[in-house]
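The values are calculated or read from the model by the stated rules, or taken from the named source; none is laboratory data. Fair warning: this is a prediction, and the values are worked out from it, not measured in the lab. In this analysis, Cβ positions are derived from the backbone assuming ideal geometry, glycine residues included, and neighbour counts consider all displayed protein chains. Protein only, heavy atoms only, side chains kept; ligands, DNA and RNA dropped before computing areas. Shrake-Rupley method; radii C 1.70, N 1.55, O 1.52, S 1.80 Å.
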Amino acid sequence: MTPARLTISCMVLVLATGCSSKKDANKANFKDAINTYYSVHPECLWTTSVKFPTRADTSDTSKTTQYDALTDQGLLTRQQDSRKVFIFGSKQVNDYDLSDKGRSAWTADPQEPGSGNFCFGHRDVTTVDDFTVNGGTATADYHYQLGAVSPWADNAEVKTAFPTVQAALASPLSDKASLTLADSGWVVTPTPKTP
């Protein structure tokens, strides 16, 4: 093949495939960046890490309802106990710990040894609807659904005990992402966690 024909062939190939770069500000690159971020930042039950084993007073339904729903799904074990209380006699408590099934579904927190969370899926962007770019930063409005959902999370009792799970499983959902242009292309700028 002559150099002229090789050049023409290369130009045709470039025109056919487009001249897109991962650094271009476009919907496809933003969708890819958001999906990449959420592939390693899954949706989890609690906003902060929790530690097991733990003990809950049976009269504290805000805790026991959640733990009991996870026990019914086989993720936790429960043992009842009576604790002596200084003046009042005794009260009923439940001790909860991770089951074997729970250990395999548990996501350990590397920042807090012994703590972790049950994560149940990750965001999967369906569309990037709009975006604005300001130099090396961008904001993208997008719709998503939850992908790779754990079967235990789709249980009615779990959804009742954890309203955030029910909300996360509703489709379609929308959100905004802040992105920054890096050497490798667009990346999501994480928002700081609120205490």
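The accessible-area ordering, largest first, of the residues 99, 39 stands as 39, 99, per a 1.4 angstrom probe.
Computed from the C-beta positions of residue 59 and residue 174 and an R0 of 45 Å, the FRET efficiency is 0.70 to the nearest 0.05. When nucleic acids and ligands are ignored and a 1.4 Å probe is applied, residue 157 ends up with an accessible area of around 80 Å². Annotation: residue 186 carries an accessible surface of approximately 20 Å², with a 1.4 Å probe and no ligand, DNA or RNA atoms counted. Note on residue 176: accessible area approximately 130 square angstrom, rounded to 10, probe 1.4 Å, nucleic acids and ligands left out. Straight-line reach from residue 22: taking Cα to Cα under 15 Å and skipping same-chain neighbours fewer than 8 places apart, the aspartates and glutamates in range are 32, 183.
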